[in-house]
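Q: Quick one: the structure is below, questions incoming.
The values are calculated or read from the model by the stated rules, or taken from the named source; none is laboratory data. All values derive from a computational prediction rather than experimental measurement. Neighbour counts are summed over all protein chains in view; Cβ atoms, including those assigned to glycine, are modelled from backbone coordinates with ideal geometry.
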Amino acid sequence: MLREIFLLLLLAGLIFCAVATAVSRRLMRTVIIFMAYSLIMSVVWLLLEAPDLSITEAAVGAGVTGILFYLALRRIHQFDKDAADKENEPGERE
Amino acid sequence: MFTSFEDLWVHLADNYIVVVSIILFGVGFTTLLFSRNLLKKVVGLNIMDTGVYLLLVSMGFIDGRHAPIIANGVTDTAHYINPIPSGLVLTGIVVSVSVTAIMLSLIVRLYEKYHSLNLDVIYELRNKEEHV
Amino acid sequence: MLRDLFASDFIHNFPLFAIILCLLCAVISFVLQGGGARRLTYILILIGMALNGSVLLHNLITGERFTYMMGHFPAPWGNEIAAGLLEPAFALLFGVVILCSITAGKNRISTDVRADKQHFYYILVDLAQVAMFALCYTNDIFTGYVFIEICTLASCGLLMIRNAGKPLVAATRYMIFNLIGSGMFLMGITMLYGVTGHLLFPQLQQAAASAWNSGAYHGIMILSIGLTVSGLAIKSGLFPFHFWMPDTYGTATPASSAILSGVISKGYIFLLIKIIYRVYGHSVFMETGIQNVLFLFGIAGMIVGSVSAIRAGTITKMTAFSSAAQIGYIFMGIGMGTREAMIAVFFHICAHAITKPVLFLSGGALIDASGGGRDFASLRGAAHRNPAAGLAFLCGSLSMIGFPIFTGFISKLYFALSAFAFPHKSMLVLLALAVSTILNVIYFMYVSVILYTGRPAPGKRVGVCRQKAFATAVFLLILVNVAIGLHSQPLTGLFELGLDLFLQL
Amino acid sequence: MRKSFLQKLSAWYKGSYDFTLKTADHMDARMAHEYTGKEHKLREVERKELVFSGVLYNILCVLFCLIFIGVLLWSVLFLPPHGSPDNPAVNEVMERYVAAGMEETGAVNTVAGMILDYRAFDTLGESFVLFTAVCAVTILMNNTKESAADGTPIPMTVKPGIVEYSKDNIVRTVSRFLIPFIFVFGAYVLLNGHLSPGGGFSGGAILGSALILYAMVYGEDRAAAVFSERLIKTVVLISLSFYAIAKSYSFFTGANHLKSIISTGTPGRILSAGLILPLNIAVGIVVCCTMYSFYMYFRRGRIQ
């Protein structure tokens, strides 16, 4: 019975995270919520008796996908920072 | 068929995990279609895929049975769940990662060139560039 | 002596050799440079064509299809490939088209793609080819999904490898639609697996038939057929989902758009036909009524595709929209579902796979000859500047219209013949054929007239000798086109035999 | 004056009139080559279409989505009940995997046995999906030899402004302690793929994240010194071709009913389960190199 309640809680958390990513405006917040989403998902795989999937989802889903999203955002802010640098001191940049 | 409304709710309550996986698929699908921001589209794509995988694994699950790792030589099938869906979803998760990696690199290159994540703005800039 | 050479059972291994060879060549050219990768791809395609040809001959001689166990375990447990007559024939056709596309587009590839990324282009061509072989031969629905993903990623790579901004936008849009399509396809497979419990085609068909007759899972079966068919329709660009085509085929290098439109969308359609006939079974598919949806969308695609091709401003957009119209023909044929219609569909896949690369490649050459201008005003008189490309474009458009000596005529003829056998909707089919052909004539002849009339701009004349690779490849395709157009009996016989083997499980 | 149809037709035949450009009739006097005026008109029409199709697109999409998800939710009522032992999916295919899986493939973990032995062709395709992803990301993100128009090489995309983790000594000391354990854990998960949950993909991903942490903390240049592009390319080449050749050997022997020399060994021991262990190692290395090169390409556009 305990397993059912825990699974229900996690599934509610999943739906909450999914809707939160759709709704949130700031991209960094979306990415972090998505990382939490795939962490919850890896625990849900465990409860569904699929341990292979939970390790893979944890390592590949939360791990690498999260890093890729974060790096993509970092690269995008980096371009803005360049554009900003170019405006305020064009002379200094050769 | 479902005579009364109450039967309907009992059936949905029993299969709550199937309902959740289809809700996730729906949320991911709508985010993919409606979000103007490319990054949100990729997140929606991932949520859509995990929704399908949840549905697939929930079809392989059998109550009261354990993960298909043969414990101390007991190979009686009544003890283990169906291993096929978890094998298929393992392949699926890796497909989702490679697709996400490609979409993110596309987004970075698009931003490098057009400085926008909004697909319509990118079309405008592209049309302007096409006709100049 | 030759007969029993091809009758030996060793040929059953050839599909496996073809697939593994493509995979190995893709990995080996990962470390090679541009030129080495190109030569390796040429050798690979030629060997692939030889292997598929001998599988085709073997099945012609023995007259039945064989299944090949991938591993030590028989069908429902292990993976399996099956080869009848249609599978090696289409694998051979795709090999020929890919070979001609990359030889004709060779110099455009070397200019469009950056020097240090040339070998990646040929890796992606190898991967697209292995995806095509696997989609043709597979006898397992989840292997089909995995190789559809390889095909999607490889075609997205072929699109974005061109060193410019526009292909990136086109690749993003292409990927989004394709991923929606494969998401729906996967959902369809999940529902089918939930109801039947099998993944291999033979067992899947029995389980699906019993699930359908038992009546309890009627709704789920209809839903899974709908999802699978619409997923593949989105990926091959049927009517409501065809608007990613002008961007995609318009901005890629001509060789890539030739491979994408000629080969890759046909691979999805061939897998769809296999799923309809060997997974759900013809009778179940007819009872669900989804074929009428395909039929109507096919006709709508024919008309809307041709109309938007007329309104298209540039030659590449026009050719891309005409691809959408031809995909509409194919889905109309699948929607009709009769035996003659399926033969017309196979013929049309053949005709379109041969003709469309010619149009894209010669269009690219004409654009180069008239200083990169894609719109009709700057293309005026381009055929005088590059006569080889002008002639190739003319032959290509004549075949698309259905001019008698070309294959396009034969496929339209078969569509018309199959319309009579189609009980109550034959008038609709004939009307759609007539209207679509007239629209084809309007925009193809318009462009051909523009190419040949008007004062050629001062751009210097590009002789045939300077583009030997382009000329040989494009005219080889046209030669095959005319050969099939004039003497189509053997191919029709092959398709009829193939269809019988196809349905006989 | 409006041109009669015949005049327009002859003008069109002479190649001076272009009716697809939707120009107003009175434009006929000037030759088609003065092009700029029409150019603007063409884009005007296109923008109107874009706006109209935009609104239509949204309405259609909302409608399509609601119907689609409604149908899917309706289908839940007909799907086989979740978790019941007499679902159609519980059939002889599953029974053989579980019952005979151990002695046929030698793998205690039935899922690993199924992935790498019964249905090995999917997983072969799977590692080539990863290989395609590496090629595509390299095409897009690799700007080692990219040079601006005048030949000057474009500076590395990473500007000093980015937070340098290697300077932050809290992260540095903790991960200096942590990285070896992640490597050991990744190797454990990889090598025990056929005995306990894990296997090629998850083990490789853990090793990949250990490499990424190493590159983050010790700086990309030191990591690049250890893992040069040439090393990664050859490693991916060797492991993928080993994977393809080993698997085609077992396909070939299986299909022709030959006795393959790979024995399944006694289940439960680490060197058992025939080909599954070496294949897991090959897939693990491919996944590890893929994740590492994704990180390096996203981080600074090249592996060196």
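Q: Looking only at the stretch C:18-75, filter to residues that are among the polar types (S, T, N, Q) and touching a strand residue (DSSP E or B) at 6+ places or on another chain (Cβ under 7 Å); which one of those is surrounded by the most Cβ atoms within 10 Å (Cβ to Cβ)?
A: Restricting to residues being among the polar types (S, T, N, Q) and touching a strand residue (DSSP E or B) at 6+ places or on another chain (Cβ under 7 Å), the top hit is C:59.
Q: Still on this structure: Within the stretch D:17-135, considering only helices (runs of 4 or more DSSP H) that don't extend past its boundaries, which have at least 2 residues that are over 27 Å from residue C:68 (Cβ atoms) and modelled with pLDDT of 85 or more?
A: Helices (runs of 4 or more DSSP H) meeting the threshold: D:36-75.
Q: Out of the stretch C:354-398, which residues are modelled with pLDDT under 85 and assigned to a loop (DSSP other than H, G, I, E, B)?
A: C:370, C:371, C:372, C:373, C:374, C:376, C:377, C:378, C:379, C:380, C:381 - these are the residues of the stretch C:354-398 that are modelled with pLDDT under 85 and assigned to a loop (DSSP other than H, G, I, E, B).
Q: Still on this structure, please answer the following. Is it true that some residue in the stretch C:118-140 is out of contact with any Lys or Arg (no Cβ under 7 Å at 6 or more places or on another chain), without any contact (Cβ under 8 Å) to a residue 40 or more places away in the chain and among the small types (Gly, Ala, Ser)?
A: Looking for residues that are out of contact with any Lys or Arg (no Cβ under 7 Å at 6 or more places or on another chain), without any contact (Cβ under 8 Å) to a residue 40 or more places away in the chain and among the small types (Gly, Ala, Ser), one finds none in the stretch C:118-140, hence no.
Q: Continuing with this model, one more query. Which one of B:45, B:24 is facing another protein chain (nearest Cβ under 7 Å), touching a Gly at 6+ places or on another chain (Cβ under 6 Å), under 18 Å from residue A:20 (Cβ atoms) and part of a helix (DSSP H, G or I)?
A: B:24
Q: Now for a different question. Which members of the stretch B:38-76 meet the condition of being of a type outside the set (D, E, K, R) and surrounded by fewer than 18 Cβ atoms within 10 Å (Cβ to Cβ)?
A: Within the stretch B:38-76, B:64, B:66, B:71, B:72, B:73, B:74, B:75 meet the criteria.
Q: Another question, then. Here are some residues: B:33, B:38. Which one is over 10 Å from the mean Cα position of the chain (by Cα) and modelled with pLDDT of 90 or more?
A: B:38
Q: Is it fair to say residue D:193 is outside any helix (DSSP H, G or I) and either modelled with pLDDT of 90 or more or closer than 21 Å to residue A:54 by Cβ (or both)?
A: Here the answer is yes, as residue D:193 does meet what is asked.
Q: Of all residues in the stretch C:113-148, which are closer than 20 Å to residue C:18 by Cβ and among the hydroxyl-bearing types (Ser, Thr, Tyr)?
A: C:122, C:137, C:138, C:143
Q: Still on this structure: Is it true that some residue in the stretch C:226-236 is part of a loop (DSSP other than H, G, I, E, B) and either crowded, with 24+ Cβ neighbours inside 10 Å or among the polar types (S, T, N, Q) (or both)?
A: no
Q: Can you name the residue in the stretch B:75-132 that is closer than 30 Å to residue D:287 by Cα and polar (S, T, N, Q) and is also farthest from the other protein chains (Cβ to nearest Cβ) among such residues?
A: Among them, the one singled out is B:96.
Q: Okay, next question. Filter the helices (runs of 4 or more DSSP H) completely within chain A down to those with at least 2 residues that are away from chain D (no Cβ under 11 Å).
A: Filter on chain A gives A:2-23, A:27-47, A:66-88.
Q: Which pairs do you get when a residue that is away from chain D (no Cβ under 14 Å), found in the stretch C:57-71, comes within reach of a residue that is charged (D, E, K, R) and outside any strand (DSSP E or B), reach meaning Cβ atoms under 7 angstrom, with the pair 6+ apart or on two chains?
A: Short answer, once both residue conditions are applied: C:59/C:65; C:61/C:3.
Q: In the stretch A:1-21, which residues are surrounded by fewer than 20 Cβ atoms within 10 Å (Cβ to Cβ) and either basic (Lys, Arg) or free of Cβ contacts under 8 Å to residues at least 24 places away in the same chain (or both)?
A: Answer for the stretch A:1-21, where residues must be surrounded by fewer than 20 Cβ atoms within 10 Å (Cβ to Cβ) and either basic (Lys, Arg) or free of Cβ contacts under 8 Å to residues at least 24 places away in the same chain (or both): A:1, A:2, A:3, A:4, A:5, A:8, A:9, A:12, A:15, A:16, A:19, A:20.
Q: Does the stretch D:226-283 hold any residues that are among the polar types (S, T, N, Q) and either loosely packed, with under 15 Cβ neighbours inside 10 Å or at the interface with another protein chain (Cβ under 8 Å from one of its Cβ atoms) (or both), and which are they?
A: Matches in the stretch D:226-283: D:228, D:234, D:241, D:248, D:250, D:253, D:256, D:260, D:263, D:266.
Q: Step by step: first the residues of the stretch B:88-131, then only those that are within 19 Å of residue C:164 (Cα to Cα) and among the small types (Gly, Ala, Ser), then the one that is farthest from the chain's Cα centre (by Cα). Which residue is that?
A: Only one residue tops the list, namely B:116.
Q: Something else about it: Would you say residue D:126 is surrounded by 13 or more Cβ atoms within 10 Å (Cβ to Cβ), at the interface with another protein chain (Cβ under 7 Å from one of its Cβ atoms), over 32 Å from the mean Cα position of the chain (by Cα) and not small (Gly, Ala, Ser)?
A: For residue D:126, the condition - surrounded by 13 or more Cβ atoms within 10 Å (Cβ to Cβ), at the interface with another protein chain (Cβ under 7 Å from one of its Cβ atoms), over 32 Å from the mean Cα position of the chain (by Cα) and not small (Gly, Ala, Ser) - is not met.
Q: Give the residue, chosen from B:8, B:33, that is farther than 19 Å from residue C:227 by Cα and either out of contact with any Ser or Thr (no Cβ under 9 Å at 6 or more places or on another chain) or surrounded by fewer than 19 Cβ atoms within 10 Å (Cβ to Cβ) (or both).
A: Exactly one residue qualifies, and that residue is B:8.
Q: Looking for something closer than 23 Å to residue B:97 by Cβ, among the acidic types (Asp, Glu) and surrounded by fewer than 22 Cβ atoms within 10 Å (Cβ to Cβ) - is there at least one such residue anywhere in the stretch D:168-190?
A: no
Residue-wise test of (1) under 15 Å from residue C:322 (Cα atoms); (2) touching a residue at least 40 places away in the same chain (Cβ under 8 Å); (3) under 27 Å from the mean Cα position of the chain (by Cα).
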site: C:343; (1), (2), (3): no, yes, yes
site: C:358; (1), (2), (3): yes, yes, yes
site: C:363; (1), (2), (3): yes, yes, yes
site: C:369; (1), (2), (3): no, yes, no
site: C:375; (1), (2), (3): no, yes, yes
site: C:383; (1), (2), (3): no, yes, no
site: C:386; (1), (2), (3): no, yes, no
site: C:391; (1), (2), (3): no, no, yes
site: C:396; (1), (2), (3): yes, yes, yes
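Q: Which of the residues spanning the stretch C:175-200 are under 20 Å from residue C:80 (Cα atoms) and more than 11 Å from chain D (Cβ to nearest Cβ)?
A: C:186, C:189 - these are the residues of the stretch C:175-200 that are under 20 Å from residue C:80 (Cα atoms) and more than 11 Å from chain D (Cβ to nearest Cβ).
Q: Same structure again: Can you tell me which residue within the stretch D:73-103, out of those that are within 7 Å of chain B (Cβ to nearest Cβ) and of a type in the set (Gly, Ala, Ser), is nearest to the chain's Cα centre (by Cα)?
A: By that ranking, first place goes to D:89.
Q: Considering only the stretch B:61-99, state which residues are among the small types (Gly, Ala, Ser) and within 12 Å of residue D:126 (Cα to Cα).
A: B:87, B:92, B:96, B:98
Q: Which of the residues that make up the stretch D:70-99 are surrounded by 15 or more Cβ atoms within 10 Å (Cβ to Cβ) and among the small types (Gly, Ala, Ser)?
A: D:75, D:83, D:89, D:99, listed by residue number.
Q: Between B:86, B:105, B:96, B:116, which is assigned to a loop (DSSP other than H, G, I, E, B), of a type in the set (Gly, Ala, Ser) and within 27 Å of residue D:294 (Cα to Cα)?
A: Going through B:86, B:105, B:96, B:116 in turn, the sole match is B:116.
Q: Out of all the residues in the stretch B:95-132, which are in contact with an Asp or Glu (Cβ under 7 Å, 6 or more places away or on another chain) and under 20 Å from residue D:140 (Cα atoms)?
A: B:95, B:96
Q: Can you name the condition, by its number, that residue C:340 falls short on among (1) surrounded by 23 or more Cβ atoms within 10 Å (Cβ to Cβ); (2) under 22 Å from residue C:437 (Cα atoms)?
A: (1)
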